[in-house]
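The values are calculated or read from the model by the stated rules, or taken from the named source; none is laboratory data. Everything numeric in this text was worked out from a predicted model, so none of it was measured. All Cβ positions, glycine included, derive from the backbone under ideal geometry; neighbour counts span all protein chains shown. What goes into the accessible areas is simple: the full protein's heavy atoms, side chains included, and nothing from ligands, DNA or RNA. Shrake-Rupley method; radii C 1.70, N 1.55, O 1.52, S 1.80 Å.
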Amino acid sequence: MREIICLTWLCCCLGVHAQTSDTVRHTDDTKRQVGYTVFAGPAWQIAMDKYERKWLRDKQSYVVGAELNFLPKADDAFDRDYNYPTMSLGATLNLNHGVTMRRTADPAWGKAEMVDYDSHLGNIVTLYGNFSRPLLRRGRWQLDYTLRAGIGYSPHHYNTTDNIDNELIGSTFNIHFGAGLVGYYHLTDRIAIMAGLLYGHHSNGALARPNKGENHWGPTVGIRLAPEGDTKVCRQGHEAPSGAAGKPIYLDFRLGVGGKTLLEDWQQTQFYTAPGDPDYRTDDFHFYMSYSASAALMWRYARRWASGIGADVYYGTYYKHVRDLDEAAGHHVGHSPWSIGLSLRHEVYYHNFSLDLALGIYLHRQMGHSAKEVEQPYYERVGVFYTFPRLGHVKVGASVQAHRTKADLTEVQVSIPVRL
């Protein structure tokens, strides 16, 4: 799964200090105004590797969408830190039933047989939150980078009846991530036209199979409407302070519970199971629980940033099943339910929301033959959290852990900070 690459870039972008400008758009220092955006454009599927290029056929689709925009406030410290961004709630419709997939005869597919029809990606409805931060303002012109995260609904996913080669989407509900650059030209104080280039991704974070994920990109055009006077250019003479919230040094303790379906099971049923067997290219996979705990020493050196180093422990209940598969295949490798690692962590804050990124290296991991073949000695983790100030700043969120950008598991985590 490729969202880890993009979310890594997201953290970097959130950390970039945008160019200071003497133009921001607001009229009320205490009330957050609301605006609206509608947009549309063509899109094309991206084949991420050689494997996908073998069976991805028609690639063009279309995207239409609308957003409810919550515009910045002049007196908000986080808004000043981020050069007055726009937060939005949005919805898109990806019209991709024309995206087709079909395997042809190939010895690499093992026992999988070619079918006599094309599989279709199907349309996807997505609800998401959007963060749009200005990089540049000049007169009526504005350039933003935009970042999205949400949930996609895809009723036409992989099945063995009429969509057996749709390896992109394997579940009805999927995780969505999007990013792009968008330019605006303000025709009036209330109306701006927009044009940009956007990337989008849907996949299920290894909660189901298949989990290849769909990736699309394309140009988009639209129009943005704001309340009366809200987009007028106002001069600002102050700098954006960036002080830390509370004491800067703290310990972060986390507990997580989640799970995954196994790549080993997918490969076994796709390529090594004969036609006629009940498990041949099945869409029914067992879900295995996983648990985690971590402790990190963090430094909140600015209101919007914290960085540190942590120790991570994972327990996978699926190790016995992997061991049985390896023994049946004649692979003699180590198996243990425990994985232990050290990680560098970075967290980006906007009010009570935060985005957490970790890059770690394993000190101990023995998850069988397939893990040795497809994993690296390092892992990536990215998560989105919400802080509850009245509960001692406890955070609750969801994260995806990956190996070489491919999702390994998804979990819910609770974070408890201890100030030093």
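When residue 333 is tested against (1) open to solvent by 60 Å² or more (accessible area, probe 1.4 Å); (2) part of a loop (DSSP other than H, G, I, E, B), just one condition goes unmet, and that condition is (1). Among what's in the stretch 25-45 and is in contact with a Lys or Arg (Cβ under 8 Å, 6 or more places away or on another chain) and open to solvent by less than 50 Å² (accessible area, probe 1.4 Å), pick the residue that is modelled with the lowest pLDDT. Filtering the stretch 25-45 for residues that are in contact with a Lys or Arg (Cβ under 8 Å, 6 or more places away or on another chain) and open to solvent by less than 50 Å² (accessible area, probe 1.4 Å), the one modelled with the lowest pLDDT comes out as 26. Of all residues in the stretch 112-140, exactly one satisfies the criterion of being part of a strand (DSSP E or B) and exposed (fewer than 13 other Cβ atoms within 10 Å of the Cβ), namely 138. Within the stretch 46-73, count every residue that is touching a residue at least 40 places away in the same chain (Cβ under 8 Å), surrounded by fewer than 17 Cβ atoms within 10 Å (Cβ to Cβ) and in a strand (DSSP E or B). The number of residues fulfilling the criteria is 0. When 307, 339 are checked against the criterion of being of a type in the set (Gly, Ala, Ser) and either assigned to a loop (DSSP other than H, G, I, E, B) or over 22 Å from the mean Cα position of the chain (by Cα) (or both), 339 stands alone in meeting it. Based on this model, can you work out whether residue 265 counts as closer than 28 Å to residue 177 by Cα, part of a loop (DSSP other than H, G, I, E, B) and of a type outside the set (A, V, I, L, M)? No: the conditions fail for residue 265.
Among the residues of the stretch 377-420, those identified as open to solvent by less than 10 Å² (accessible area, probe 1.4 Å), hydroxyl-bearing (Ser, Thr, Tyr) and over 13 Å from the mean Cα position of the chain (by Cα) are 379, 415. When restricted to residues that are surrounded by fewer than 19 Cβ atoms within 10 Å (Cβ to Cβ) and more than 17 Å from residue 207 (Cα to Cα), the stretch 280-302 contains 7. Note on the stretch 74-104: residues that are farther than 30 Å from residue 267 by Cβ and either open to solvent by 40 Å² or more (accessible area, probe 1.4 Å) or at pLDDT 95 or above (or both) total 10. Determine which member of the set 161, 104, 146 is touching a Ser or Thr at 6+ places or on another chain (Cβ under 9 Å) and β-branched (Val, Ile, Thr). When all the criteria are applied, what remains is 146.
If you go through the stretch 154-185 and keep only what is closer than 30 Å to residue 273 by Cα and assigned to a strand (DSSP E or B), you end up with 159, 163, 173, 174, 175.
In the stretch 348-386, which residues are of a type in the set (A, V, I, L, M, F, W, C) and not in a strand (DSSP E or B)?
371, 374, listed by residue number.
Looking only at residues in the stretch 266-279 that are free of Cβ contacts under 8 Å to residues at least 40 places away in the same chain and open to solvent by 20 Å² or more (accessible area, probe 1.4 Å), the one that is farthest from residue 312 (Cα to Cα) is 276.
Taken residue by residue, the stretch 336-343 has no member that is of a type in the set (A, V, I, L, M), touching a helix residue (DSSP H, G or I) at 6+ places or on another chain (Cβ under 6 Å), farther than 18 Å from residue 259 by Cβ and surrounded by fewer than 20 Cβ atoms within 10 Å (Cβ to Cβ).
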